[in-house]
Structure formats: C-alpha cells, structure tokens
1. Cβ under 12 Å from V3's Cβ, V3 left aside: what net charge do those residues give with Lys, Arg +1 and Asp, Glu -1?
2. Subtract the Cα-Cα distance of L261 and M65 from 0.36 nm times their separation in residues, and report this length gain in nm to one decimal.
3. Loop-only check: which chymotrypsin sites (Phe, Trp or Tyr not before Pro) in the stretch 64-110 are DSSP coil with at most 10 other Cβ within 10 angstrom?
4. Multiplying the sequence separation of F242 and N93 by 0.36 nm and subtracting their Cα-Cα distance, what value in nm do you get?
5. Return one quarter of the surface area of the convex hull spanned by the alpha-carbon atoms of the stretch 1-167, equal to its mean projected area, in nm².
6. Which whole-angstrom value gives the distance between the alpha carbon centres of the stretch 82-138 and the stretch 1-71?
7. Starting from the Cα of R188, step 7 Å along the direction of its Cβ; do the same at L136; then give the gap between the two resulting points in nm.
8. Please list 3J(HN,Hα) in residue order for the stretch 53-61, calculated via the Karplus relation 6.51 cos²θ - 1.76 cosθ + 1.60 where θ = phi - 60°; whole Hz, with x for glycine and proline.
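None of the figures in this text is laboratory data; all of them are computed from the coordinates on show. Just so it is clear, the structure is predicted and the values come from calculations on it, not from any experiment. We place every Cβ from the backbone using ideal geometry, glycine too, and count neighbours over all the protein chains shown.
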Amino acid sequence: MNVIDQLLRRSITEPFFKQHAGLFLFSFFILFGIQPSAVDLLQFHYSLILSILDSVSFFLIALGMWTTYTIKMNLFVRASFKKEAFDFIYLLNGVDENQHIRALIRIVVMMMSPVLVYGSVLVIVGVAHNLWFSVLMVIVAMSLLIGLSVFNIRKLIRNGKANQLMQKNSWGSLRPGLFSFLLQFVFRKQFITLLILKTVSFAALYFFAKTDNQVFEGRMLWLLFITVLTGHGIIIYRNFQFMENDLFFYRNLPVKRMHTLLSLLGIY
C-alpha cells in the first residue's frame, strides 16, 4: 500500500467505519441474527438473492438501499473535507492524475465493501442460474455507484478550500425552535438509521401479513419488532443527548412547557 492509499485510508476509510460501527452491527443483526438456525439463514438469503435477481421490484429495493449507503458515504466524505483538519488532503491535487484516480477507486471500493460483497454473491448465484441480464444489471449498478463516488470525491478534492464555504441553509423556511432544531438533527445526523428502521418496520408488516403463519414463527416477528423498537430508542436517546449538550441554552428561554411538549410530540 503506497503513501496515498495510507493517507486516504487513515483519514477517511477508518473514521467512516468507526463512526458507523453501530449501524453496521445493527444491519448485520437484522440480516444474519434473527434466523433460528444456520440452515434457515442460508435458505432465507438464498431466497432473498433469487428474489432480487428475478423480481424487478426486489431489485429496485436493493438498488435503493445500495444507493442510500453510497450517498451516506459521500456525505461523510464531504463533511470531512469541510473541516480545516483535512486541508492536507488537497495536496493530492499535485499528484499525477492517473495515480490519484486509482487511489480513489481503491478507497471507494474499500468503503463500499459491505455492498460489493453482497453484490458479488448476487453475481455468483446469478451466473449459476444463468440469469445473465440480472447479473449484468448488478454489475452495471455497482460500477455506476463506484464511478459516481470517485467522480464526486475527486471533484471535492479539486474544489479545495471552497468546500469549507458556508452553504445556503435549506431549512431556512422552518421557524427556529425546538421542533426545527431536532428535525434538522434527525435528518442530518440520523437519517440513514431512521430510514433503515422504517424500511425494516414496513417490510415486517408487509411480508408477515402476506405470508402464512406456518412459514414464519411468531417469535421471529416479535424479535424483529423488539429490535426495531430498540433502534427507535437509540434515536430518542441521541435526541435528548443533543438537547443536553448542544441546546442547553433552550432551558433558559421563556418557552412554555406545553410548546416544548408539543414540539417533542411532533418529532416522535
């Protein structure tokens, strides 16, 4: 591994995985921890993979999840480059263009490894079942996500210090208050977690309602719901932590308790 790879890995890749370790553990538990046995686990994922390869709807859902992960990754990189501590990253503008692009491709592949591993399994199963068009679509989707990510990160590095300029606040139309503060915090800092929780909740309600009770045991449904409820509890805990650490001044403002209660009710 050359110097550029080490620089990008230590400044971007490792902090990304450390910051989202909880999300990865939660996703791993949802995908691999709710099946009662290893045989059921293999059958579940085998059926899921075939559904993604055979059904356009399932493929679009999977593509949406891959795209969401990629967007989250790019937003993390963008937020990192806005910090003055990352000014050294702009020295890469003086590196040979081809070497720079190759390094970015390797880093993006490393950061997208959870998606690419599952995509590789899809390709292997698709080839085994002669689903060539589905295999091609998976390869094209993965290649586009990698290519667009490399292009975006390269553009951010080219912009240099311009990344640290103040951006227009898209939430300016909201009236300042506890409700708007918490709403911005949820969608800026916890959007991916919220999206996963809502997706799992919807999938549980839909698939268990459409499936015979003899196929899925009731304890699996309860385990899934308890896990989702725990995830919502984490969001609520982070909101109150945000209020205590960053909105401590709000307690001294002349705000009625009913207004605070209604703001919290509107958020939750």
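1. +1
2. Details: separation 196, 0.36 × 196 = 70.56 nm, distance 3.40 nm.
That pair, L261 and M65, stretches by 67.2 nm at full extension.
3. Here no chymotrypsin sites (Phe, Trp or Tyr not before Pro) fit, given the DSSP loop and packing criteria.
4. Values: separation 149, 0.36 × 149 = 53.64 nm, distance 3.70 nm.
Stretched fully, the F242-N93 segment lengthens by 49.9 nm.
5. Mean projected area of the Cα convex hull: 11.4 nm².
6. Taking the Cα centre of each part, the stretch 82-138 and the stretch 1-71 sit 14 Å apart.
7. About 4.4 nm separates the two model spin labels.
8. With coefficients 6.51, -1.76 and 1.60, one gets 6, 8, 9, 5, 4, 5, 5, 5, 5 Hz.
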